[in-house]
Amino acid sequence: MEKRMILIADDAEINREMLKFIFEEQYDIVEAENGQQAIEILDAKAQDFSMLFLDFIMPEKSGIDVLEHMVSNGYSDFLPVIMITGEATPEFEVKAYELGASDIIYKPFDPMVVMRRTMNIMELYEHRIDIERKLEKRTLELIESKEKLEKSNEFLINALSSVVEFRSMESGDHIKRVKTFTGIILGYVRKFYPEYKLTKEQVALITQASALHDLGKIAIMDSILLKPGKLTRDEFEEMKKHTIYGCEILENFKQEENEFYRYCYDICRYHHERYDGKGYPDGLAGENIPIWAQVVSIVDVYDALVSKRVYKDPYDVNEAVRMIHDGECGVFSDKIMDCFDLAKEELFAITQREFIEDEE
């Protein structure tokens, strides 16, 4: 509903009457004889006014006092103010503008000029408020859309990772631990290596995406995937293709310019790459391997070592760390190793707690 009220705060009755004469046909006029009255009226119904005409010098409270009160209570955000004065120093003018006054009109004033300037200011305010409301509405829509997308992503991850668990006969705890470990190590990467420019939001997305690192195992034959003994060379070459198969599966869920999809894809494809270029499938080396894939890589290796698999018994956590440090599981960057060592005690505690619960 359009606001139809103007407040005129001036201790001179003649000035109030002149302004009232200009606007009374279009607006309901409310008058205040001093600054204190103006403040009381504003506190009661500031939202109802379209404009405030405010004299600089008044009894009890000055125009500047009223402006300061408006700023402290947020009235200036939606109510335009035109200062009216017979004379004012430059210091007063600057102060008024700093406190949000839209214009200053000097007495005596021309009615047509006052009318035109007032209407222009009100239109600008209404337009700005309309834009802000639309932006606020759009922001809420985007937040709601983002939340829906995150829930959709979480459902998709849970569904696909459950299929991987079922196919590979692995406990769901493996994927849960990979996600937990990934989040922990990413926290250290973000803290100590700002050059990667990871945000909290990115860390959350990458942590979610890590659950799909072995998605491609869905496409590996049972005779290879579940083989209890050592794989032949040909079988191992086929097993390595799970990095490619995972990406092919993800293509069915591709969303253009989607950051989450990129993390899922990179992790699926590159979590077996190694810093010295001796990994697979593409033989990437150094920082050509995305940092999120590097993190999931060391996490996957660690959990594979300390977990029981169809082809091996679990290693002790300290032995697993030694093997990783000695390069028995491939080469990792100094930065990744640093973060792994910083996270080591947390990883140990989670590992021991998980396996004790499994035994019970």
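The values are calculated or read from the model by the stated rules, or taken from the named source; none is laboratory data. Just so it is clear, the model here is predicted, and its values are computed rather than measured. We place every Cβ from the backbone using ideal geometry, glycine too, and count neighbours over all the protein chains shown.
For the stretch 162-173, the criterion of a residue being modelled with pLDDT under 90, of a type in the set (S, T, Y), in a helix (DSSP H, G or I) and touching a Gly at 6+ places or on another chain (Cβ under 8 Å) is satisfied by at least one position. Among the residues of the stretch 339-347, is any modelled with pLDDT of 95 or more and either of a type in the set (G, A, S) or surrounded by fewer than 15 Cβ atoms within 10 Å (Cβ to Cβ) (or both)? Looking for residues that are modelled with pLDDT of 95 or more and either of a type in the set (G, A, S) or surrounded by fewer than 15 Cβ atoms within 10 Å (Cβ to Cβ) (or both), one finds at least one in the stretch 339-347, hence yes. Condition first: within 13 Å of D55 (Cα to Cα) and either without any contact (Cβ under 8 Å) to a residue 40 or more places away in the chain or assigned to a strand (DSSP E or B) (or both). Now tell me which residues in the stretch 6-24 satisfy that. Residues satisfying the conditions are L7, I8, A9, E13, I14, R16. Between V321, V301, V295, the distinction of being closer than 24 Å to R190 by Cβ and either part of a loop (DSSP other than H, G, I, E, B) or over 33 Å from the mean Cα position of the chain (by Cα) (or both) belongs to V321 only. Within the stretch 268-296, residues that are at positive phi have Cβ atoms under 7 Å from residues that are of a type in the set (F, W, Y) in these pairs: G286/Y275, counting only partners at least 6 apart in sequence or on another chain.
If a residue has to be within 47 Å of the chain's Cα centre (by Cα) and either buried (at least 16 other Cβ atoms within 10 Å of the Cβ) or of a type outside the set (D, E) (or both) to count, how many in the stretch 1-22 make the cut?
Of the stretch 1-22, the ones within 47 Å of the chain's Cα centre (by Cα) are 1-9.
So of that shortlist, the ones also either buried (at least 16 other Cβ atoms within 10 Å of the Cβ) or of a type outside the set (D, E) (or both) come out as 1, 3-9.
Looking only at that region, the number is 8.
Being of a type in the set (D, E, K, R), in a helix (DSSP H, G or I), in contact with a Lys or Arg (Cβ under 6 Å, 6 or more places away or on another chain) and in the same structural domain as S223 (by TED's automatic domain parsing), is that true of even one residue in the stretch 341-351? The answer is no; no qualifying residue exists.
The conditions of being closer than 30 Å to L226 by Cβ, of a type in the set (D, E), at pLDDT below 90 and within 35 Å of the chain's Cα centre (by Cα) are not met by E360.
With the requirement that a residue be of a type outside the set (D, E, K, R), within 36 Å of the chain's Cα centre (by Cα) and either surrounded by 15 or more Cβ atoms within 10 Å (Cβ to Cβ) or closer than 20 Å to I291 by Cβ (or both), what does the stretch 222-252 give you?
Quick first cut of the stretch 222-252, residues of a type outside the set (D, E, K, R) only: 223-226, 228-229, 231-232, 236, 239, 242-247, 249-250, 252.
Checking the rest, the ones that are also within 36 Å of the chain's Cα centre (by Cα) come to 242-247, 249-250, 252.
Hits for the stretch 222-252 are H242, T243, I244, Y245, G246, C247, I249, L250.
With the structure loaded, tell me whether A44 is more than 19 Å from L99 (Cβ to Cβ) and among the hydrophobic types (A, V, I, L, M, F, W, C) or whether it fails that test. Yes, satisfied. Specify the residue that is nearest to K217 (Cα to Cα); the eligible residues are those in the stretch 232-249 that are hydrophobic (A, V, I, L, M, F, W, C) and modelled with pLDDT of 90 or more. Looking at residues that are hydrophobic (A, V, I, L, M, F, W, C) and modelled with pLDDT of 90 or more, I get M239. Of everything in the stretch 102-118, what is surrounded by 13 or more Cβ atoms within 10 Å (Cβ to Cβ) and among the β-branched types (V, I, T)? Give them in sequence order. Residues satisfying the conditions are I104, I105, V114, T118.
Out of the residues in the stretch 255-288 meeting the condition of being acidic (D, E) and in a helix (DSSP H, G or I), tell me which one is nearest to the chain's Cα centre (by Cα).
Start the filter on the stretch 255-288 by keeping residues that are acidic (D, E), which leaves 256-257, 259, 266, 273, 276, 282, 287.
When the remaining residues are screened for being in a helix (DSSP H, G or I), the result is 259, 266, 287.
Numbers: E259: 13, D266: 22, E287: 26 Å.
Per the criteria, the residue is E259.
The residue that is nearest to Y188 (Cα to Cα), among those in the stretch 253-267 that are surrounded by fewer than 18 Cβ atoms within 10 Å (Cβ to Cβ) and in contact (Cβ under 8 Å) with a residue 12 or more places away in the chain, is E259.
So, I105, is that one more than 30 Å from T207 (Cα to Cα), outside any helix (DSSP H, G or I) and modelled with pLDDT of 80 or more or not?
Values: more than 30 Å from T207 (Cα to Cα): yes; outside any helix (DSSP H, G or I): yes; modelled with pLDDT of 80 or more: yes.
Yes: the conditions hold for I105.
Do we find a residue being in contact (Cβ under 8 Å) with a residue 60 or more places away in the chain and either touching a strand residue (DSSP E or B) at 6+ places or on another chain (Cβ under 7 Å) or outside any helix (DSSP H, G or I) (or both) anywhere in the stretch 69-83? Give the steps one after another, and end with the answer.
Here is the first cut: in the stretch 69-83, the residues in contact (Cβ under 8 Å) with a residue 60 or more places away in the chain are none.
The answer is no; no qualifying residue exists.
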